[in-house]
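A quick write-up on the structure given underneath.
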Amino acid sequence: MDNPTASLLRADALYLKGSGAGELRGVSLGIEAGRFTLLSGAADSGAGLLLRILGLLDRPDAGEVWFEGGATSALDEAGRVALRNHAFGFLFAEPFLLDSFSVAENVAMPLFKITRMEIEQARIRTAQVLDFAGLAGAADVKVAELSVLDHHKISLARALAIAPRVLIAQDAGLQLPARELREFMALLRSTPDVLGVTVIATSPGGAELLNPAREIRLEHGSVVADSHPVSIGVQ
């Protein structure tokens, strides 16, 4: 078997039977730390399925996902939830914010619910990620008063609040018009360089907007192109 410690995240012969979002047919690849990787392809290519499996949101029918050298199939559901909560951040097409709460309150929620961080530490961390998102001056503003673009920036800041090892971004910014989508994608693309967080994404903007460090293209459940393949070694 290939060496599972060669990459931060590693997929080993993933299979998933067909669905409306496609299928996976023996996908194997490694994801290096601190890079931006785009999974691209048509809606039924399997790219979205692969993203969710790498993020431990779904399970494959067969195959293994390794995280930092550990086989995740050995985890029960509670173990998977604990690993997701502490090592992964998630960003989706919908921001899923609480409009009646302030920007800072929305961003800080994972720090209290997941990490049990003390109030002063949470305040500092919230300020850091809001500064990264360009929203330092809006911390006390109610979310409902801000633009849709700002909502997506807040969602990104919230996903980064726990300082995850990996950010899973599934079609983030899907609802934004072209100019705002470009601005948001530039912010998302800067995440590995500025914060050192590994980002794996699918995106409506595609490679032309994101200029990813690596693009992996899927068709009919298989990888058909990889701009910067990662060696996963052989035992």
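Each stretch of four or more DSSP H residues adds -39500 (n - 2.57); spread over every residue of the chain, this sum gives -9500 deg cm²/dmol at 222 nm. Note on region 87-149 and region 39-60: Cα centroid distance 27 Å, given to the nearest whole angstrom.
Work out, step by step, the length gained on full extension between Glu68 and Ser19: first 0.36 nm times the residue separation, then minus their alpha carbon distance; give nm to one decimal.
Numbers: separation 49, 0.36 × 49 = 17.64 nm, distance 2.95 nm.
Taking Glu68 through Ser19 to full extension adds about 14.7 nm, to one decimal.
Diagonalising the gyration tensor over the Cα atoms of region 4-226 and scaling each eigenvalue by 5 before taking the square root yields semi-axes of 29, 20, 15 Å, largest first. Taking 37 °C and 0.692 mPa s as conditions, region 1-115 diffuses translationally at an estimated 209 µm²/s according to Stokes-Einstein applied to its Kirkwood radius (Cα pairs). Counting pairs of Cα atoms in region 58-174, how many percent are more than 20 Å apart? So the portion of pairs separated by more than 20 Å is 45 percent. Once both labels are positioned 7 Å from their Cα atoms along Cα-to-Cβ, the gap between Ser28 and Ser227 label points is 2.5 nm.
No lab work stands behind these numbers, since they all come straight from the coordinates. All values reported here derive from a predicted model rather than from experimental measurement. Cβ sites come from the backbone with ideal geometry, for glycine too, and all protein chains shown count toward neighbours.
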